[in-house]
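Notes for the one structure printed next.
Bear in mind these aren't lab numbers, they're just calculated from the coordinates by the rules spelled out. Since we're looking at a predicted model, the values are computed, not measured. Cβ coordinates were reconstructed from backbone atoms using ideal geometry, including for glycine residues, and neighbour counts include every protein chain displayed.
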Amino acid sequence: MDIKIIQKHIALLSVLLISTFICSEMALAHGEKAQQAGLRMRTLNWFDTEIYPRKVSVNDTVTIKGKFMPSKDWPRHMESIEGTAFLNIGVPGPAFIRTDSHVNGVTMIRSTAFELGKLYEYDVTLKARTPGRYHVHPLISVKGTGPIIGPAFWVEVTGDQADFENTFTTLTGKVVNPETYGIKASIALHAVWFVLGVLWIAYWFRNARKDPVIMPRFKKIEKLGQENADQLITTQDLVVGASTFMLILTFVAAGYFITEYRIPQTVPLQTGIIKVPPMENPNDGLLDIVVKTAEYRIPGRSFNVEMEITNKTDKPLSIGEFSTSNVRFINSKVKEVLAQDTHDLVASDGLRVPNNVIPAGETVTITMYAEDALWETQRLTSLVYDPDSFFGGLLFLYDDEGKRYYKEISGLIIPSFV
Amino acid sequence: MATSADDPVLTPPRSTTSDDRPVRSAVSSREEQLEAYRNIDMVSVPVIVLLFGGITVFLSAVTVGDWDYWMDWRDRRWWPLVIPAVYIIFPAVVGTFTWKKLRLPIGGTATMISFVIGAWLSRYFNFHQFAGFPMGFVSPSTFIALGMILDATLVVSRSYFFTGLVGAFIFGFIPYAVNWPVFALWHEPVSYHDTMVTVADLTGYQYIRTAIPEYVRIIEESTLRTFGEAVTPLTAVFAGFVCILNYYVWVAVGSYLSESHWMKKVI
């Protein structure tokens, strides 16, 4: 092939490659909407999420708190949160350190398990470490299923990481700074063995400047054959080998016993499960909701549910919000909620509920429409690709004094392609 | 061994093509040949170190990587078993080649040095500089002693069988003891909200790893529970036996690979 044609091809490929960098958006968040719609809708219902403050300096504290309810209709084809779970944080690496975390007041340094349909309140305390702008999420990792990500907000950290401070004290009174702890010991240990290893190799090449080693030995062995090749090993080599063998074992034993003497109190790595009792749900027994039909339009941006709601409170209620997959569809006639940043998934006028009054003590059939571009941009329409066409979410109702009631709703859902 | 001055193998070879036309050798004098051999010496060991550094780091990453990446994964049951069982592969293969072809017991040491260099580079640039984890928490363990034990046993015994029985057993037996001067620092106890944890556990908890929830750590899980607190020696003995078997398998592989006939034609 003509060299000029090859050069043209290379130039064209280079232009195409470079243009992908120029034209593509910077990936700032974590690809939350890449998860299956069913996973996001029917696993954890996160609500009342707060992350504050949003702008901090290195060493400042950031608090994340809120509530979650594992769905009572957890997908059968996914490992349940009733197995093993862990409260975690979604950030790009240790830009923050976690100084504390609790669920219902129980410290969450261990793994745990949660019950379906129950209410939990969590809080996590972070300390800012690395300057930058981060999309911070609470998340719960479920063994066998993966991370279930909660709502997120952008947090900006200013300052210099060199100013970061973090220490804690062991039971023996030693103050540990994890930023630098153990480095000197590790380097020293490696240096000792590296020198010994290099000396061992250097021994075999000790006369290499005068007498090359590799090729002459190779040719000699070719001549002698494997049966007689051991003639190349001299008595000196045997003595050095045996001495090295003993020296290594002596060094290892010495290192071990000296360490035992200097650090007598050690314990094995700790692991285990800790139990978390669920909270009392203040809404238990106050609402009954039966989903009758649910439909979502694939080409469109809407989802509607017909349900029978029984109001067992003593005040009339109205539907104010439907929350699913961390997307909040708000009924602007009942409450006002605005997005707090560019990635806050709030459809401020995304919920439409005709005849939106459920009198006290009565049962009413209501159809609710969740209509917003978020339905599509957050890829909730990809529910059609799930093996179980079933939706889930949290419904929030309010009385005329603003008191809130909430209950999970879920049910079979049919797509409409028109 | 004879010196270069009187070694007949150093005579520059005369070779012919298949149709008996004489071919001129690349070297035309003893001095030139010695110079070529010195260059081979100078290049070979660094090449082995660089080449196998990358390969062994990759092997580690796709097999037992996590166990040695983080201090809070280096437990008493899994780390002492899986690490030597995998890391004995290249010392066995390369060691067989260097012994068989050169009678040089340097394969184990060279591959372990190369792995440790590669591991340090990876931890420093990837885990510390790029990802931001404290260097002490992700610093690699040392395995050079293990490679040296294999090599020393091989030169003393001049036998793969005995090297497997003794050298490979010690290779599997000692990793935890070799690294205990560092591990002990991370196993000091801490009270965190009335929960006893180690320094390693707490550091792992504090320095957030979104993709590594606590339960993912494969540590301390096993059925060998009848020896009380003597977990580590028991695991070390078991690891020793596993390494004996693994050593023989990979010596066989190394032996087979060393028999490539094309090597003779090149050299």
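Against chain B, whose longest principal axis comes from its Cα atoms, helix B:144-157 is set at around 50 degrees.
Largest mean-square fluctuation among A:ASP48, A:ASP314, A:ASP237, in a Gaussian network model of chain A whose springs join Cα atoms under 10 Å apart, belongs to A:ASP237. The GNM of chain B, with springs linking C-alpha atoms under 10 angstrom apart, assigns the highest mean-square fluctuation among B:ASP194, B:ASP68, B:ASP151 to B:ASP194.
Would you please classify the overall shape of region B:67-129 from the alpha carbon gyration tensor, given that a ≥ b ≥ c denote the square roots of the eigenvalues, rounded means a/c under 1.5, and beyond that prolate means a/b larger than b/c while oblate covers the rest? Taking the square roots of the gyration eigenvalues as a ≥ b ≥ c, region B:67-129 is oblate. Stretched out straight at 0.36 nm per residue, the stretch from A:LYS223 to A:ASP314 would grow longer than its current Cα-Cα span by 22.5 nm.
Each Cα pair of region A:183-262 feeds into the Kirkwood radius, which the Stokes-Einstein equation turns, at 4 °C and 1.567 mPa s, into a diffusion coefficient of 84 µm²/s.
Whole angstrom only: what separates the Cα centroid of region A:230-281 from the Cα centroid of region A:348-404? One Cα centre to the other: 60 Å.
In percent, rounded to a whole number, the relative contact order of chain B is 23, using alpha-carbon pairs under 8 Å and six or more apart.
Sorted largest first, the principal axis extents computed over the alpha-carbon atoms of region B:125-173 equal 46, 17, 12 Å.
Between the beta carbons of A:VAL418 and A:TYR52, assuming R0 = 45 Å, the FRET efficiency works out to 0.50 to the nearest 0.05.
For the pair A:ASP349 and A:LYS8, label points projected 7 Å from Cα toward Cβ lie 5.6 nm apart. Counting only Cα atoms, region A:287-416 measures 42, 33, 20 Å along its principal axes, largest extent leading.
Hey, can you list the DSSP H helices of chain A whose Cα span along the axis is 24 Å or longer and whose average Kyte-Doolittle score is at least 0.5?
Within chain A the helices that satisfy the rule are A:3-23, A:183-204, A:235-262.
Extension gain for A:ASN59 to A:LYS403 (0.36 nm times residue separation, less C-alpha to C-alpha distance): 120.1 nm.
Given just the C-alpha atoms of chain B, how large is their convex hull per residue in cubic angstrom?
Details: hull volume 44.6 nm³, N = 267.
Residue-normalised Cα hull volume stands at 167 Å³.
For trypsin sites (Lys or Arg not before Pro), the sites in region A:49-128 that DSSP calls loop and that have at most 11 other Cβ atoms within 10 Å are A:ARG76. A Förster radius of 51 Å, combined with the Cβ-Cβ distance separating A:ALA202 from A:GLU82, puts the computed FRET efficiency at roughly 0.25.
Counting only the Cα atoms, chain A fills a convex hull of 292 Å³ per residue. Across chain A, Cα pairs under 8 Å and at least six residues apart give a relative contact order of 16 percent. Relative contact order of region A:121-213, taken over Cα pairs closer than 8 Å and 6 or more residues apart, is 18 percent. Between A:VAL337, A:VAL15, A:VAL106, the GNM of chain A built on Cα springs shorter than 10 angstrom shows A:VAL15 fluctuating the most.
Sorted from fewest to most neighbouring beta carbons within 10 Å, what does the list A:SER80, A:SER186 look like?
Fewest-to-most Cβ neighbours within 10 Å comes out as A:SER80, A:SER186.
Gain on full extension, evaluated as 0.36 nm per residue between B:LEU121 and B:GLU259 minus their Cα-Cα distance, stands at 46.3 nm. Per the Cα gyration tensor, region A:32-172 maps to an equivalent ellipsoid with semi-axes of 28, 17, 13 Å, ordered largest to smallest.
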